[in-house]
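Below: the structure, in C-alpha cells.
The values are calculated or read from the model by the stated rules, or taken from the named source; none is laboratory data. Note that the structure is a prediction, hence the values are computed from the model and not measured. In case anyone asks, the SASA skips ligands and DNA or RNA and just uses the protein heavy atoms, side chains included. Shrake-Rupley method; radii C 1.70, N 1.55, O 1.52, S 1.80 Å.
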Amino acid sequence: MKPEIMAVLAIIAGGALGGLVRSWICTRLSGARGIAVVNTTGSLALGVMAANVAPGSLVWLFLATGVLGAYTTVSSFALNTVQMWQAGGHARAVANVAGSVMLSVAAVALGFWLGGL
C-alpha cells in the first residue's frame, strides 16, 4: 500500500479511537472535570510522544495526529508552548498561553452570541 494511503488510514483510525475515548470519559465525568481530565491526560501523552516518537512516522500520525487530535487539541497547544519555552522564548510562551486562553474564551462567548441571533 502507498505510504500516503497508510498515513491517511493511520490518522482516520486514530481519530476514531480518540473520539470514542474522549466521549467515554466525558460522559462519566461531566462538565469541567471531564474536560480537565481529557486535556491533562492528552497533554501528558503528547509530551511523552514528542520525546520518544519521530514526527511524521506512522506511529506519530496514528497516536499524536489521530488519537490525540480527536481526544484533545489542547495537547498540541501545550506542546507548542513548552517548545517555545525550551527554545528560550519565555515571554512568547507566556503570551501564547494568555492569548490563546483569552481568544478561545472570547470565541466561545462570540459563538454563543451569534448562536442566539
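The table below lists the values:
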{"read-out": "Per-selection Rg to Rh, the stretch 1-70 - Cα, Kirkwood hydrodynamic radius", "value": "1.05"}
{"read-out": "The chain - percent of accessible surface contributed by carbon and sulfur, probe 1.4 Å", "value": "74"}
{"read-out": "For the chain, accessible area per residue (1.4 Å probe, heavy atoms of protein chains only), Å²", "value": "65"}
{"read-out": "Three-way shape label, the stretch 32-94, alpha-carbon gyration tensor, a/c 1.5", "value": "oblate"}
{"read-out": "For the stretch 1-42 versus the stretch 66-80, the gap between their alpha-carbon centres in whole angstrom", "value": "9"}
{"read-out": "Fluctuation leader among Leu61, Leu29, Leu17 - the chain, Gaussian network, Cα springs under 10 angstrom", "value": "Leu29"}
{"read-out": "[x] 41, 27, 11; [y] 22, 17, 14; [z] 26, 21, 14, with the label sought being that of the calculated semi-axes √(5λ) of the Cα gyration tensor in Å", "value": "[z]"}
